[in-house]
Amino acid sequence: MTLLIDAVITKPNFDDIPNKLKKIPQWVVWNSRKREKKDGGYYLSKEPVSINNDFGFKWDNENNLCTFQEVQTAYNNGNFNGIGFVLFPKDKLVCIDIDDLENVNDLPPELHNLTLHSYVEKSPSGNGLHLWIEGEKPEWVGTKQNGIEFFGGQTKFITVTGDKFNNAAIMSNQKLIDMIAERYFEKPQNKRNVRPIGNGNTLNDSELLAKMFASKNGKIIRNLWDGNIEGHNNDDSSADMALANHLAYWTNGDFTRIHNLMWQSALARDKWTKHPTYLAMTIEKAVASTTNTTPIVPTQTKEIQKETVTLEHVELGNKKSWWIENANGTKSLKHKILAEEVLKDFFIVRYPTAHSDLYYYNKKKGIYEQDTSGRQINAIIRSKDDLSRSQVKEVHEYLADMSPVVNSIAQDYIAVENGLLNLSTFELEPFNPGVFLIKKIPTAYNPYAYNEFVQNTLNKVTENHEPSIRNIEEMFACVMYPEVLVPKMFYLYGRTAHNGKSSVLNMIHETFDNKGGNISAVSPQRLATNNFAGSSMYGKLANIVDDQPDQVIQDSGLLKTIITGGRIEIERKGKDSETVKMSTVCITASNFYPNFRESGNQLNRRLHIIPFEHNFSNDPDCISDKETMEILKSQSAREYVLKLAVTALKRMLSAENIAQDNLTKNEKSIEAAQSFAEYSDPLADYFFEFDKDYFENHAGSRVLQDYENWCKDNRVAYPLGTRRFKEAVCNQYDMEWKTKKIKINGQWKSVKGFKAK
């Protein structure tokens with residue numbers, strides 16, 4: 001992008017420059033000089049210079065280039081306009097420069113789709129974009145065409161700003177490179193001699209095959225038709241391509257007829273069903289290589305017509321450029337071209353991997369939605385043209401192959417009812433398909449919202465305890481933005497009946513999920529026993545369990561992984577299992593402490609207990625549950641809860657007055673956690689009865705037997721195993737399990753047991 005004389009040059013943001021570039025020592029600084037334009041006027045050049053500001057240095061010599069740290073230091077200490085990277089032919093990197101954009105923040109759909117899948121930054125002028133992709137530039141691609149500059153496989157200086165346009169890293173994506181090349185650069189066509197071929201459209205299949213088998217290459221064609229692929233080194237794909245080429249020649253490139261004939265041949269196999277686009281792409285390659293054809297009159301005339309017919313795209317009305325007119329006037333659908341047109345007009349991606357479901361941008365909602373059934377995308381395809389079911393299916397399969405892959409949700413925005421909340425500025429912005437979000441808060445953000453009932457309820461349930469109020473607000477923030485990741489389960493513990501826990505949970509449901517789909521309700525017990533339970537929680541803002549019963553939770557391993565934002569394997573009926581990263585916030589409410597079979601600090605520190613101490617039964621201002629629900633459903637109540645969540649999130653992200661794990665320090669929570677630790681410790685009562693002297697003066701076998709009897713007498717449902725019991729005793733009294741001498745019946749004997757260190 002040319003710099004104008006009065007241009008404001010973007011300063012480098014060193015922190016956001018991709019590590020993949022930082023690691024390569026091919027950096028320079030650059031400065032500008034006033035230059036005269038050929039058509040008059042002046043502009044500012046962008047010229048690489050040495051760190052001594054030498055304009056004449058040989059920047060195309062690798063030995064003269066710097067490390068990233070060296071140019072960062074030079075820029076900070078010197079008088080330079082910017083930094084840049086020198087690309088060499090050896091580098092498996094491509095930079096695509098998109099210039100002269102009217103508004104980089106309002107890209108046309110076809111350009112926007114290119115920016116979703118690899119690192120993109122703004123140019124120094126702010127009016128262009130640089131898209132970096134790992135891969136190789138196709139040999140046939142030139143440097144500039146259609147407003148796109150394509151750099152790769154050459155020695156080229158490129159400015160770098162770190163003014164990132166998206167949150168992606170530099171990704172390896174040769175498919176994206178090839179797609180951009182084919183879309184914006186004209187590929188040279190191989191010139192072929194015009195030759196007479198058979199016009200299959202005037203013959204039935206039997207007549208066409210008879211003519212093909214009787215031709216000069218008839219024996220080769222017959223072998224392929226019968227499934228004999230020895231002439232192609234027993235390579236199925238090579239044989240498929242060869243037969244498709246022959247059929248393209250004899251049918252004047254009639255895609256539909258080639259497709260039908262291929263399925264009639266002995267080459268047809270399961271691969272064509274399992275990978276439907278394979279056959280279609282093979283046929284399209286064959287048709288593309290047979291561009292000039294001459295029709296032949298029907299068999300009975302035995303005359304060859306010499307008139308040349310060129311296969312070309314035909315515009316029909318305003319939406320039929322994806323049809324090909326065959327020599328006999330019939331038309332064939334070019335599925336790939338229609339798929340490309342759909343991707344120009346609609347935003348369709350795969351998330352989070354190339355094997356995952358398709359998502360499409362819903363303009364009415366302002367977010368991307370999963371199309372598990374395929375019906376929505378089929379409707380999009382039909383909006384372009386009136387197609388048969390099989391044609392729609394073929395185009396859909398092309399879209400599945402061609403759609404870009406998005407690996408992560410946008411981290412710097414939240415979708416709310418009235419727009420996108422920018423987490424850098426905490427200002428509302430219009431919905432934008434460039435921001436990949438799949439969840440939306442069904443409540444409008446109003447920074448001036450207030451609801452007296454909500455505030456009074458929070459004051460009462462916490463007994464006006466400020467840290468507890470803040471913890472509840474922070475819980476709201478975690479539901480709104482799970483990526484803040486507080487690695488704890490929020491446990492709302494009621495010490496009295498009718499204590500307001502359900503009212504607080506209803507605030508969450510009405511504000512963040514009044515339209516459904518954002519919150520799950522999987523109990524810890526079900527999570528421990530059901531393989532599909534994790535799937536129910538995946539992708540939800542929160543998992544809320546109200547009135548958790550006093551039942552034993554047999555296995556807490558998966559629960560701990562989910563709480564800490566780890567990866568779990570989920571299973572969905574009819575689909576392969578998938579490993580995913582969890583960010584669902586876990587909230588449980590109960591009048592009992594959680595009853596885990598497991599105990600210990602590893603579990604205790606995963607709970608953040610918020611005590612609910614108010615008794616609404618004795619509150620003269622208490623209203624009915626029905627009245628409470630009506631108020632919490634109101635717009636003012638929902639907007640106020642959302643405002644509290646946003647305010648808390650600001651506080652959490654700024655880390656001011658925040659204790660560990662992004663939560664305000666709460667002495668009541670600490671006290672409750674200590675009580676839970678004592679309550680859940682299966683050995684607390686045991687160690688109260690058995691002191692250190694007991695373990696030192698008894699044989700280990702006697703101690704183990706006594707522990708077993710103690711558990712029976714005290715109705716301990718799940719005694720510790722021998723190994724864990726030994727570890728617990730050693731940790732409690734600083735002992736070790738060793739051979740020792742003790743008196744037994746008046747005699748000293750060597751036995752195994754607990755011994756002081």
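Throughout, read-outs are computed from the coordinates displayed, never taken from laboratory work. These numbers were taken from a predicted model, which means no experiment stands behind them. Note: ideal-geometry Cβ built from the backbone for every residue, glycine included; neighbour counts use all protein chains shown.
Calculated from the alpha-carbon coordinates, the range 1-157 shows an Rg and a Dmax of 15.7, 44 Å respectively.
If you take the beta carbon distance between residue 353 and residue 605 as r and set R0 to 30 Å, what does 1/(1 + (r/R0)^6) give as a FRET efficiency, to the nearest 0.05? All intermediate terms of the calculation are to be shown ahead of the outcome.
Values: r = 33 Å, r/R0 = 1.09.
Efficiency, from the Cβ-Cβ distance: 0.40.
Available extension along the chain between residue 532 and residue 379 is 52.0 nm, counting 0.36 nm per residue and deducting the alpha carbon span. Farthest toward the dipole's positive end in the chain, which of 403, 637, 507, given Cβ charges of +1 (Lys, Arg) and -1 (Asp, Glu) about the Cα centre? In the chain, that residue is 403. Full extension of the chain between residue 750 and residue 426 gives 109.5 nm of extra length, using 0.36 nm per residue less the Cα-Cα distance. Residues of the range 510-538 falling in the label zone of residue 571, defined by backbone nitrogen less than 19 Å from a point 7 Å along Cα to beta-carbon, are 522-538.
Count the DSSP beta bridges whose two residues both fall in the chain, then state the antiparallel fraction as a percent rounded to the nearest 5. Within the chain, antiparallel bridges account for around 75 percent of the total.
Taking neighbour counts of Cβ atoms within 10 Å as a proxy for exposure, in what order, fewest first, do 323, 250, 225 appear?
Details: 323 18, 250 26, 225 21.
Final ranking by Cβ density, sparse to dense: 323, 225, 250.
Around residue 515, with a cut-off of 14 angstrom between Cβ atoms, what is the net charge of the other residues, counting Lys and Arg +1 and Asp and Glu -1? Could you put the intermediate results ahead of the total?
Working: positive: 364, 365, 439, 440, 540, 633, 638; negative: 369, 417, 510, 513.
So the environment of residue 515 carries a net charge of +3.
The charge dipole of the range 14-184, taken about its Cα centre with unit charges on the Cβ of Lys, Arg, Asp and Glu (plus for the first two, minus for the last two), comes to roughly 340 debye. Could you work out how far helix 335-345 tilts from the main Cα principal axis of the chain, as a 0 to 90 degree angle to the nearest 10? So the inclination is approximately 60 degrees. Considering only 548, 746, 266, and ranking their Cα positions along the charge dipole of the chain that arises from unit charges at the beta-carbon of Lys, Arg, Asp and Glu, the one farthest toward the positive end is 266. Per DSSP helix of 4 or more residues, -39500 (n - 2.57); summed, then divided by the residues of the chain. What does that give at 222 nm, rounded to the nearest 500? Result for the chain, helices only: -10000 deg cm²/dmol. Diffusion of the range 675-725 by Stokes-Einstein, at 37 °C in a medium of 0.692 mPa s and with Rh set to the Kirkwood radius over alpha-carbon pairs, works out to 279 µm²/s. Seen from residue 641, the other residues with C-beta closer than 10 Å to its C-beta sum to a net charge of -1, counting Lys and Arg as +1 and Asp and Glu as -1.
Using the Cα centre as the reference, give the magnitude of the dipole from point charges on the C-beta atoms of the chain (Lys, Arg: +1; Asp, Glu: -1; all else neutral), rounded to the nearest 20 debye. It would help to have the intermediate numbers written out before the result.
Working: 92 positive and 97 negative charges, 404 e Å.
Value, rounded to 20: 1940 debye.
A straight line joining the Cα centroids of the range 208-229 and the range 115-165 runs 48 Å.
Where both partners of a DSSP beta bridge lie in the range 452-677, what percent of those bridges are antiparallel, to the nearest 5? Let's see the in-between values first.
Details: 4 of 21 bridges.
Beta bridges within the range 452-677, antiparallel portion: roughly 20 percent.
The alpha carbons of the chain give a radius of gyration and a Dmax of 35.1, 124 Å, in that order. Distance from the alpha carbon centroid of the range 412-489 to that of the range 322-393 works out to 36 angstrom. Ordering 643, 219 from the fewest to the most neighbouring beta carbons within 10 Å gives 219, 643. Exposure proxy ranking for 270, 401, 205, based on other Cβ atoms within 10 angstrom of each Cβ and starting from the fewest, stands as 270, 205, 401.
Against the chain, whose longest principal axis comes from its Cα atoms, helix 466-480 is set at around 20 degrees.
Compared with the dominant principal axis of the Cα atoms in the chain, helix 236-250 is inclined by about 40°. Ellipsoid semi-axes for the range 682-756, based on the Cα gyration tensor and the rule √(5λ), read 22, 13, 11 Å when sorted largest first. Largest first, the extents of the alpha carbon coordinates of the range 412-501 on the three principal axes equal 49, 30, 20 Å.
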